[in-house]
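Participant: What follows is a structure written as C-alpha cells; I'll ask about it next.
The values are calculated or read from the model by the stated rules, or taken from the named source; none is laboratory data. The structure displayed is predicted, hence computed values, not measured ones. FYI the Cβ positions are ideal-geometry reconstructions off the backbone, even for glycines, and counts take in every protein chain you see.
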Amino acid sequence: MKLIRSATTNPGKLREFRIAAGHFGHSHVQIEPLEHIASLPECTEDGETFEENAIKKAIHYSVHAHRPVFSDDSGLVVAALDGAPGVRSARFAGLKATDEENNRLLLEKLEGVEQRIAWFQCVIALAHEGRLLGVFNGSVEGLIATEPRGQNGFGYDPLFFHPPFDCTFGEVDANRKLAASHRGQALKKMLDYVDERL
C-alpha cells in the first residue's frame, strides 16, 4: 500500500480523490488528508495562476509530513467574464462564500449573455519534504446552464453543462464525473506517476 497525503480541507474534493484511486486502477494507493492540517500555518493562496497556487501549497504543507503531499488548485474559467472566476472560484462572492452564493453571482453576471462557454481547470502539485516532485494538469470544456441542475458534486457542478453527458456535472455520479472531469484527468496523471516513481 502506498500512502500519500492531501493538503485539502474541502470534503468534496477529498471524496473525489479517494474515489479516483479505485476508479483509475490504483486501489493500492491510499489517499488520506494531511494530519492536523487545521493546526498548521496556513498557506496564503496569492498566486495569479492555478499552477502557482498548487505548487505553493504542496511545498508549504509537505514540510509537515513524512509522506508525499499533493495539493490542487482548480476552478471555473468563463470566456464571457474574461476568465473569471478563475483562481478566485472558491471566493467569487466573498472570502466565506458558499457554493450557492458563488453560483448565484455567476448567474447574475451572465444574465442575458448568450455566449456561455466555460471550462474547469485543475492543477495538482506533488511534493515531498519541501521538494516539488511533479505537476499534473486537467481541463474539461462545457457551458454554463441558466439555472442549477442536480444535487451531486459541489462548487459550480450544478451549473456546468457537459455536452457529451447532455446534463450538468451535478446530475451525474462521482465515477462518471471523474471519467471526464478536469480533476479526474489530473488525478490519473498523478496516480500513474506515484505508481511508476514512488
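Participant: In this structure, is VAL135 of a type outside the set (Ser, Thr, Tyr), touching a Phe, Trp or Tyr at 6+ places or on another chain (Cβ under 6 Å) and closer than 30 Å to LEU3 by Cα?
Facilitator: Details: of a type outside the set (Ser, Thr, Tyr): yes; touching a Phe, Trp or Tyr at 6+ places or on another chain (Cβ under 6 Å): no; closer than 30 Å to LEU3 by Cα: yes.
Answer is no for this residue.
Participant: Is it true that ARG91 is closer than 26 Å to PHE169 by Cβ and surrounded by fewer than 19 Cβ atoms within 10 Å (Cβ to Cβ)? Step through it out loud before you land on a result.
Facilitator: Values: closer than 26 Å to PHE169 by Cβ: yes; surrounded by fewer than 19 Cβ atoms within 10 Å (Cβ to Cβ): yes.
Considered against the rule, which asks whether it is closer than 26 Å to PHE169 by Cβ and surrounded by fewer than 19 Cβ atoms within 10 Å (Cβ to Cβ), ARG91 comes out as yes.
Participant: Something else now. Which of (1) surrounded by fewer than 17 Cβ atoms within 10 Å (Cβ to Cβ); (2) out of contact with any strand residue (DSSP E or B) (no Cβ under 6 Å at 6 or more places or on another chain) is the odd one out, the single condition GLU141 does not satisfy?
Facilitator: Exception for GLU141: condition (2).
Participant: Can you pull out every residue in the stretch 150-171 that is within 17 Å of the chain's Cα centre (by Cα) and either closer than 15 Å to GLY12 by Cα or assigned to a loop (DSSP other than H, G, I, E, B) (or both)?
Facilitator: Hits for the stretch 150-171 are ASN152, GLY153, PHE154, GLY155, TYR156, ASP157, PRO158, PHE169, GLY170.
Participant: Here are the criteria: (1) among the hydrophobic types (A, V, I, L, M, F, W, C); (2) over 26 Å from MET190 (Cα atoms); (3) in contact with a Lys or Arg (Cβ under 9 Å, 6 or more places away or on another chain). Tell me which single one LEU34 does not satisfy.
Facilitator: (2)
Participant: OK, next. So if I check each of LYS56, LYS13, which one is within 18 Å of GLN185 (Cα to Cα) and among the basic types (Lys, Arg)? Working first, answer last.
Facilitator: Values: LYS56 fails: within 18 Å of GLN185 (Cα to Cα).
When all the criteria are applied, what remains is LYS13.
Participant: While we're on this one: Of all residues in the stretch 71-117 being of a type in the set (Asp, Glu) and part of a strand (DSSP E or B), which is nearest to TYR156 (Cα to Cα)? Outline the logic, then answer.
Facilitator: Residues of the stretch 71-117 of a type in the set (Asp, Glu): 72-73, 82, 99-101, 108, 111, 114.
The next check asks that each one be part of a strand (DSSP E or B); those that pass are 72-73.
On the way: ASP72: 16, ASP73: 15 Å.
Taking the candidates together, the pick is ASP73.
Participant: Hey, another quick one. Please pick out the residue among ASP173, ASP166, ASP157 that is at positive phi and of a type outside the set (Phe, Trp, Tyr).
Facilitator: Result: ASP166 is the single residue among ASP173, ASP166, ASP157 that is at positive phi and of a type outside the set (Phe, Trp, Tyr).
Participant: Identify, from the list PHE92, PHE50, PHE24, the residue that is touching an Asp or Glu at 6+ places or on another chain (Cβ under 6 Å) and either more than 26 Å from LEU106 (Cα to Cα) or not β-branched (Val, Ile, Thr) (or both).
Facilitator: Details: PHE92 fails: touching an Asp or Glu at 6+ places or on another chain (Cβ under 6 Å); PHE24 fails: touching an Asp or Glu at 6+ places or on another chain (Cβ under 6 Å).
From the options PHE92, PHE50, PHE24, the qualifying one is PHE50.
Participant: Name the single residue that is modelled with the lowest pLDDT among those in the stretch 1-58 being among the β-branched types (Val, Ile, Thr), farther than 22 Å from ARG91 by Cβ and touching a Phe, Trp or Tyr at 6+ places or on another chain (Cβ under 8 Å). It would help to see each step written out before you state the result.
Facilitator: Initial filter on the stretch 1-58 (among the β-branched types (Val, Ile, Thr)): 4, 8-9, 19, 29, 31, 37, 44, 49, 55.
Subsequent filtering for residues that are farther than 22 Å from ARG91 by Cβ retains 4, 19, 29, 31.
Still in the running and touching a Phe, Trp or Tyr at 6+ places or on another chain (Cβ under 8 Å): 4, 31.
Values: ILE4: 94, ILE31: 91.
Checking each candidate, the answer is ILE31.
Participant: Applying the selection to the stretch 52-78, what residues are out of contact with any helix residue (DSSP H, G or I) (no Cβ under 9 Å at 6 or more places or on another chain) and acidic (Asp, Glu)?
Facilitator: none
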